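Below you'll find the structure, written out as structure tokens, and then a few comments.
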Amino acid sequence: MEIKMLPRLILAVVLAVVVPRATRGQDCDPRSRDSYGDCPPENEYPDVERSRDPYDHVDRYYQEGPAPDPPPMPMPLHPDRRGWEEVGQEMESAGVGDDGAGSSSTGDCVPLRLGYCEDLPYSATRYPNALGHTSPLDSERSPEYVLMSVLPQLLDGECQPQLRLFACAVLAPKCVPPPPEPHPLAWEGAPRTRSRVVRPCRAVCTDLRRNCERAFHRIQMRWPHYLECENHTASEREEECVDPTGRGFSFDASPHGEDWPGADAGHRGAVLRHRRHAEMTRALRRAEKSCGGAARLYSIGKSFENRDLLVIELSENPGKHELLVPEVRLVGNIHGNEVLGRELLVALAQHLCARLEDGDERVRRLLNTTRLHILPSMNPDGYELAADSIEEDRQAIQGRNNMQNIDLNRNFPDLTSGVLRRPKRRTQPLPVPDQYWDGKVAPETRAVIDWMEEFPFVLAGNLHGGELLVRYPYDASLMGEKFYSATPEDQMFRLLARTYAEAHPLMSDKHKAPCPGETGAPSGGIVNGAEWYSFRGGMPDFSYLHSGCLELTLELGCVKFPSGEDLPIEWAHNREALLTFVEAVHQGIKGVVRDERGAGIGGARISIKGNLRDTVTAPSGEFWRLLPPGSYIVRASRAGYRAVVKRVRLPARLQTSGRVDFKLPRQPGTTASPVEPHDGGRRRGGLSRGRSRGQGRSRNNGEDDEEEEKPRWWAYFQSMGIQPPPWMMVSPDDDY
């Protein structure tokens with residue numbers, strides 16, 4: 001029985017082994033769609049464990065001939081748009097890898113051996129890298145690697161470790177090895193697949209630069225060239241990329257990022273973003289260069305921490321006063337934590353220069369008839385402190401005062417108290433009391449006083465934050481808070497305040513939501529300063545009584561330090577109001593007081609009947625007097641001359657200042673000696689008392705001795721025997 005069953009058993013074994021092999025070889029073509037589902041899974045790498053028959057492809061080779069070559073593997077693009085395979089061929093021909101272990105002479109993956117990059121989320125890289133380094137030793141000797149190693153100390157830990165990891169991903173990009181090699185018995189023409197490099201994701205770079213570039217500006221260093229997002233990164237939409245930081249990123253950057261040019265593309269030129277002092281300086285220099293000769297950047301002095309108080313002047317002939325062209329000044333950031341005005345004034349300069357280049361008739365007319373001086377930051381030290389503190393706690397912003405803890409808007413001479421004690425006394429521009437200089441005067445305050453004395457400003461605005469209204473003098477009263485304290489120009493001040501408030505889309509709206517907190521501000525958009533709250537030593541009161549310049553406080557919003565995303569909206573709200581306010585200087589009357597020979601008479605008084613404040617002519621005999629529409633009796637007088645009186649009518653629709661000139665005949669018996677110019681109570685000699693030697697005004701675009709000094713990071717490289725490369729240094733042409 002057992003012997004009879006043996007042949008059947010042998011036959012079953014033979015059929016089980018031979019028949020399937022014959023069927024597979026003749027009827028099953030793994031390259032055919034029809035039979036693919038019935039064939040065993042084919043593996044192009046026979047040495048992999050899942051292969052059922054490592055010699056199966058050899059049988060097919062002898063039965064069917066060699067298989068056609070598979071299509072080439074798609075390669076990611078190199079930064080210069082060549083294929084990685086082409087770059088790999090260049091690597092081989094160049095003999096890469098002759099300088100030590102860890103290099104790759106064939107473009108293969110090698111272990112990652114950079115000490116500061118061991119915590120990258122991968123362990124293999126490939127040389128040469130995008131910077132041309134051919135080995136780990138080559139990278140470690142480079143300025144790029146040295147910079148990466150000292151950045152945590154230079155930036156005080158800011159943006160770490162993300163910034164270091166991203167730099168590592170550029171110096172040592174991720175390398176993905178090829179699949180296992182074909183079996184030795186595979187056909188000779190089988191292609192050899194190379195390793196490939198996976199570059200860091202561009203969105204990670206963009207996010208890092210947006211949040212960390214300002215840290216480089218604080219140490220006077222340019223954003224490193226090898227971290228430029230367009231050069232050494234991969235767009236996650238086009239190819240595979242790696243996030244070396246391991247924290248994820250957003251594909252869609254905010255349309256209102258730091259470089260967003262504004263809400264209205266029709267008003268290009270203004271770049272709305274928060275800027276540190278070095279960034280602001282570069283932005284102003286760029287505006288100056290782009291303005292076609294209509295701008296001049298100068299410094300009026302230094303802050304307590306030696307930062308330049310930079311002013312950009314915009315006019316047809318910057319640097320030169322022209323007869324009867326009024327001078328206007330705008331000052332921002334007198335309180336360091338009130339930053340909106342600072343950014344809006346930089347944007348205003350950029351906007352005016354861009355529109356002038358475009359041939360905008362309104363801007364051309366404005367700059368042809370007005371000399372505008374813009375001081376974006378009177379308190380740059382306070383701003384730096386505020387910018388640092390807001391990163392820690394937005395609810396506790398520091399930096400209101402300067403670095404001597406002086407409130408700059410309480411540090412000017414108090415001329416108001418004396419005037420209010422004698423309300424019926426006619427006044428002309430008042431001098432600074434000598435005892436004022438014996439007190440604690442901030443260098444920023446001193447610089448602005450000297451600035452006021454140098455230029456015959458007619459109209460001024462200082463930009464604040466914390467409320468949404470315009471405040472006009474007097475800011476001080478004898479009766480305390482909530483008491484209206486009117487100037488002789490009260491009607492004109494209210495007209496100027498309404499000019500700004502009504503040009504703003506929200507400021508004059510009585511139904512707008514009040515600012516948080518109990519500020520006590522009225523809802524109509526304008527307020528007398530002392531009626532809101534009274535204080536002494538403010539800049540507007542001093543400006544009015546010392547130089548005759550009408551100055552208003554522009555409170556631009558409830559939030560003192562708004563987010564960067566809100567800046568374009570605030571610019572859209574205030575752009576037209578700022579332009580309209582500057583144009584308001586062309587109201588009232590202007591003229592020249594001359595003698596019988598036609599020479600200008602400086603120091604002559606211009607009096608308006610019914611107004612207790614007199615204007616004093618400049619040394620050239622010029623005067624400006626801002627007046628609302630109406631009829632006036634104007635008197636010009638000077639010691640040694642006969643007074644002349646004229647009746648003037650200003651219609652409501654007058655678009656420019658009325659021209660009123662005076663010729664004063666000399667009094668009988670007086671000599672015909674030249675008229676001595678009178679400074680109207682201003683301190684002579686160009687500099688106010690209290691300025692120390694060597695503290696004079698700079699006129700070299702804020703570059704005092706900067707070329708002589710090196711930033712503190714310079715020593716790091718010199719101590720290592722490395723000359724800091726030029727690309728690290730900030731250039732005057734840089735803007736961010």
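The values are calculated or read from the model by the stated rules, or taken from the named source; none is laboratory data. This structure is a prediction, so every number in the text was calculated from the model and none was measured. So basically every Cβ, Gly included, is an ideal-geometry build from the backbone, and we count neighbours across all protein chains shown.
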Next on the checklist: What are the pairs with Cβ atoms under 6 angstrom where one residue, in the range 128-156, is of a type in the set (F, W, Y) and the other, located anywhere, is assigned to a helix (DSSP H, G or I)? Sequence gap at least six, or different chains.
Outcome noted: Y145/S139
Checklist entry - Is it the case that some residue within the range 196-205 is charged (D, E, K, R), surrounded by 15 or more Cβ atoms within 10 Å (Cβ to Cβ), modelled with pLDDT of 85 or more and outside any helix (DSSP H, G or I)? => result yes
Item to check | Residue check, K590 under 21 Å from L496 (Cβ atoms), assigned by TED's automatic domain parsing to the domain that holds E343 and either in contact with a Cys (Cβ under 8 Å, 6 or more places away or on another chain) or not aliphatic (A, V, I, L, M) (or both) | outcome: yes
Next on the checklist: From the list A636, A618, exactly one residue is within 30 Å of P423 (Cβ to Cβ), at pLDDT 95 or above and either over 45 Å from the mean Cα position of the chain (by Cα) or not polar (S, T, N, Q) (or both). Which is it?
Outcome noted: A636
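Tell me the residue from A530, A497, A501 that is of a type in the set (G, A, S), part of a helix (DSSP H, G or I), out of contact with any Asp or Glu (no Cβ under 7 Å at 6 or more places or on another chain) and crowded, with 24+ Cβ neighbours inside 10 Å, please.
Result of the check over A530, A497, A501: A497.
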Item to check | Matching helices (runs of 4 or more DSSP H) fully within the range 115-180 where at least 2 residues are under 27 Å from the mean Cα position of the chain (by Cα) and at pLDDT below 85 | outcome: 143-154
Next on the checklist: Going by what's in this entry, would A460 be described as in a helix (DSSP H, G or I) and either modelled with pLDDT under 95 or small (G, A, S) (or both)?
Outcome noted: no
Checklist entry - All but one of (1) closer than 27 Å to T370 by Cα; (2) at pLDDT 95 or above hold for V645; which doesn't? => result (1)
Next on the checklist: Quick check on the range 302-325: of everything there that is closer than 30 Å to G382 by Cα and more than 22 Å from the chain's Cα centre (by Cα), which residue is surrounded by the most Cβ atoms within 10 Å (Cβ to Cβ)?
Outcome noted: S315
Checklist entry - Somewhere in the range 577-593, is a residue in a helix (DSSP H, G or I) and either within 19 Å of the chain's Cα centre (by Cα) or on the phi > 0 side of the Ramachandran plot (or both)? => result no
Checklist entry - Across the range 398-417, which residue is nearest to S303 (Cα to Cα) among those that are in contact with a helix residue (DSSP H, G or I) (Cβ under 9 Å, 6 or more places away or on another chain) and not in a loop (DSSP other than H, G, I, E, B)? => result L408
